[in-house]
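Structure first, then comments.
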Amino acid sequence: MTKPLRTRAWDAITSLKLTIACLSFLMVLVVLCTLAQVELGTFGAVNKYIKSFLVWWDVPGTLWMIPVLPGGALVGLVLAVNLVAAQGRRLELSWKKSGLWIIHAGLILLIAGEFVSSVFQVESQMAIEEGQTLNYIEGRDLELAVMDVTDPAFDEVYSIPDSRLARGGTIAVPGTPVSFQVKAYYRNAELAPRGPQDPPSPADRGVGASVAVRPMPPVSRDDQVNQTAAFVEAVAGGRSYGTWLASNVLGAPQSFVHEGRTYVLALRPRRQYLPYAVTLKKFSHDVYAGTDIPKNFSSLVHLSNPSRGERRDVLIYMNQPLRYDGKAFYQASFGKNDTLSILQVVENPGWLLPYISCVLVTLGLLVHFTITMRRSARRRQGAQEA
Amino acid sequence: MQDRVPLTILAAVLSLAPGCRRDEVTHARVPKPAPAEGGAAQAPPAGMPMMPPPGMAGDVPPPPTPTGSSALKWKLPQGWTQSLAGGMRYATIKPAAAGRVDVSVVVLPGAAGGELANVNRWRGQIGLPPIDEPALVSARKAIKTPAGTVSVYDFTSEGKVKTRMVAGTLSAGGNSWFVKMVGDADPVGSSRPDFIHLLETLRFD
């Protein structure tokens, strides 16, 4: 007699074969992702293989894309459902199985933690020179920063994400009379001084009028940066303030004045301002005596948070981040002849979940082995007494 | 199977939520950094003109500050103060008038793009359309000074709150000098006679 569809589906979801298949897919994805980093860079490869629900293949010579593998997100989701369902179906609710319950809970928490990280984790960086004080961190994405610098004490900074620029159309800047009409947006472009052969620039204000912009395919490798460019027309109070070229490779910001207020435009890495400031007092690049082999990288920073009356020095070095206000500042890189320190800043509300899941799995294994050992010891004792 | 549906919906919603947030225009009020702490992130003061067309990259070293006989000097009107900064923004002058008004002295090597391009850039900064060469000539007023002939331009923006700009340009010793007063129309207007007097005292020792 054939089983009903519902029963067959339940059997499939709770099957151990599905668990093995998911784990196999995860291993394949990890290998493919590792290999793909050569071409795509770390972020590109992780986005394609691990953070996606499907892995797509671009059919050469066409605009077609075909899904060829389940992505890490889909496999993780199926694995989580499989573990939950299998646990509910197979494991009996008894003390002797308590270790297995704890192990399963730890594994499910590990997968859930990865989902939380992939959705909510924000990675930024702080590139800071010795003696410099910064109150912001910068992300990988770009922003068109519109800064009202009129007030002598502070700037009103409005951030238009480059993803919003890419959608085009008119962008109103809330709280100001200013809006921008996106005339063109290039994720990556080559910028060069405009020659006599180049067509007229869409920009009629600022440096853009003398710059030629040639679209280029976007890059995704870690050691390459997209030279993003956008032509935007600034409009305020019903009057046009001209079309400007904004790009992250232009050396200086540009500005216009409307009704007595000065607005500065700059396309730059997206900033997140902090309620505290970090000053780099010293960056150290230690080497083993008599060699050039690095021994340690460290940044001595001064943390100043006036709202909490907090002022203290912190030493950041390998695997010893500064954890403050929900963010972790890791020593990541350096430059400018050892006077520039680059700190990776990670904000992850689920950062504790992997630790908790590891503790749970370890605890579950200990409980399970202890119970099994006691049961085995009792059997042996029983056999001896018999 | 039933377990998958809510989880899939949850994952889709969680994926979309930050996506929506990332596309919004956000706002932050940021205190201006103290002068000693000013790094590359320091914004120009209110009303300060942007530098003439910059290099394509931000790491082009600024030209050397003119010194000795090639350094521009002037007589400061009564009640005005100044700070000599060096670099392209050679000096910042604060007129005696209350209100938003700022005077800058900027020096650049060579022709710095030409007078018409610079004048149109200034006009663009206050929302005025560009002008052509004949209009430039009619807008120009010449002032004889010990340092040479200074071309003076005076523009006022449109709109309810008017911004006024009075600027003098001088080519001397292979450099282009820009002495410019920008700010709200009233304080700029009341400071204009003193500013013109300052221009008349420009000299090279």
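When you look at residue A:345, is it over 22 Å from the mean Cα position of the chain (by Cα) and either modelled with pLDDT of 90 or more or buried (at least 17 other Cβ atoms within 10 Å of the Cβ) (or both), yes or no?
Values: over 22 Å from the mean Cα position of the chain (by Cα): no; either modelled with pLDDT of 90 or more or buried (at least 17 other Cβ atoms within 10 Å of the Cβ) (or both): yes.
Answer is no for this residue.
Would you mention how many residues in the stretch A:243-295 are small (Gly, Ala, Ser), assigned to a strand (DSSP E or B), within 27 Å of the chain's Cα centre (by Cα) and under 17 Å from residue A:207 (Cβ atoms)? Counting residues in the stretch A:243-295 that are small (Gly, Ala, Ser), assigned to a strand (DSSP E or B), within 27 Å of the chain's Cα centre (by Cα) and under 17 Å from residue A:207 (Cβ atoms) gives 3.
Does at least one position in the stretch B:37-45 carry a residue that is part of a helix (DSSP H, G or I), modelled with pLDDT of 70 or more, among the acidic types (Asp, Glu) and surrounded by 15 or more Cβ atoms within 10 Å (Cβ to Cβ)? Can you show your working first?
First, pick out the residues of the stretch B:37-45 that are part of a helix (DSSP H, G or I): B:37.
Filter once more, keeping what is modelled with pLDDT of 70 or more: none.
Scanning the stretch B:37-45 turns up no residue that is part of a helix (DSSP H, G or I), modelled with pLDDT of 70 or more, among the acidic types (Asp, Glu) and surrounded by 15 or more Cβ atoms within 10 Å (Cβ to Cβ).
Only residues that are out of contact with any His (no Cβ under 7 Å at 6 or more places or on another chain) and either of a type in the set (Phe, Trp, Tyr) or crowded, with 21+ Cβ neighbours inside 10 Å (or both) were counted across the stretch A:228-252, and they come to 13.
Could you grab me the full set of residues in the stretch B:171-205 that are among the hydrophobic types (A, V, I, L, M, F, W, C) and either under 15 Å from the mean Cα position of the chain (by Cα) or assigned to a helix (DSSP H, G or I) (or both)? If the condition is that a residue be among the hydrophobic types (A, V, I, L, M, F, W, C) and either under 15 Å from the mean Cα position of the chain (by Cα) or assigned to a helix (DSSP H, G or I) (or both), then B:177, B:178, B:179, B:181, B:182, B:185, B:188, B:195, B:196, B:198, B:199 are the ones that fit.
For every residue, the table says whether it meets (1) more than 13 Å from chain B (Cβ to nearest Cβ); (2) more than 29 Å from residue B:187 (Cα to Cα); (3) touching a Phe, Trp or Tyr at 6+ places or on another chain (Cβ under 6 Å).
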{"position": "A:168", "(1), (2), (3)": "no, yes, no"}
{"position": "A:186", "(1), (2), (3)": "yes, yes, no"}
{"position": "A:195", "(1), (2), (3)": "yes, yes, no"}
{"position": "A:236", "(1), (2), (3)": "no, no, no"}
{"position": "A:248", "(1), (2), (3)": "no, yes, no"}
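When the stretch A:197-217 is filtered for residues that are assigned to a strand (DSSP E or B), more than 10 Å from chain B (Cβ to nearest Cβ) and either in contact with a Lys or Arg (Cβ under 7 Å, 6 or more places away or on another chain) or small (Gly, Ala, Ser) (or both), only A:212 remains. Here residue B:140 fulfils each of the conditions (1) at pLDDT below 85; (2) in contact with a Ser or Thr (Cβ under 6 Å, 6 or more places away or on another chain) apart from (1).
Yes/no per residue for (1) in contact (Cβ under 8 Å) with a residue 60 or more places away in the chain; (2) closer than 23 Å to residue A:357 by Cβ; (3) in the same structural domain as residue A:330 (by TED's automatic domain parsing); (4) not in a strand (DSSP E or B):
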residue: A:74; (1), (2), (3), (4): no, yes, no, yes
residue: A:81; (1), (2), (3), (4): yes, yes, no, yes
residue: A:85; (1), (2), (3), (4): yes, yes, no, yes
residue: A:109; (1), (2), (3), (4): yes, yes, no, yes
residue: A:117; (1), (2), (3), (4): yes, yes, no, yes
residue: A:142; (1), (2), (3), (4): yes, no, no, no
residue: A:146; (1), (2), (3), (4): yes, no, no, no
residue: A:151; (1), (2), (3), (4): no, no, no, yes
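Looking only at the stretch A:303-318, decide whether some residue is out of contact with any Cys (no Cβ under 7 Å at 6 or more places or on another chain), at pLDDT below 95 and more than 18 Å from residue A:277 (Cβ to Cβ). Yes, there is a match, as at least one residue in the stretch A:303-318 is out of contact with any Cys (no Cβ under 7 Å at 6 or more places or on another chain), at pLDDT below 95 and more than 18 Å from residue A:277 (Cβ to Cβ). Right, residue A:180: touching a Gly at 6+ places or on another chain (Cβ under 8 Å) and within 11 Å of chain B (Cβ to nearest Cβ) or not? When the stated conditions are applied, residue A:180 does not pass them.
Can you pull out every residue in the stretch A:174-196 that is in a loop (DSSP other than H, G, I, E, B) and either among the β-branched types (Val, Ile, Thr) or surrounded by 18 or more Cβ atoms within 10 Å (Cβ to Cβ) (or both)?
At the first step, the residues of the stretch A:174-196 found to be in a loop (DSSP other than H, G, I, E, B) are A:174-177, A:187-188, A:194-196.
Answer for the stretch A:174-196, where residues must be in a loop (DSSP other than H, G, I, E, B) and either among the β-branched types (Val, Ile, Thr) or surrounded by 18 or more Cβ atoms within 10 Å (Cβ to Cβ) (or both): A:176, A:187.
Among the residues of the stretch A:313-321, is any of a type outside the set (Lys, Arg), in contact (Cβ under 8 Å) with a residue 24 or more places away in the chain, surrounded by fewer than 17 Cβ atoms within 10 Å (Cβ to Cβ) and within 14 Å of chain B (Cβ to nearest Cβ)? Taking every residue of the stretch A:313-321 in turn, none turns out to be of a type outside the set (Lys, Arg), in contact (Cβ under 8 Å) with a residue 24 or more places away in the chain, surrounded by fewer than 17 Cβ atoms within 10 Å (Cβ to Cβ) and within 14 Å of chain B (Cβ to nearest Cβ).
The values are calculated or read from the model by the stated rules, or taken from the named source; none is laboratory data. The shown structure was predicted, so the numbers you read here are calculated from the model rather than taken from an experiment. Here Cβ is always computed from backbone atoms with ideal geometry, including for glycine, and neighbour counts include all displayed protein chains.
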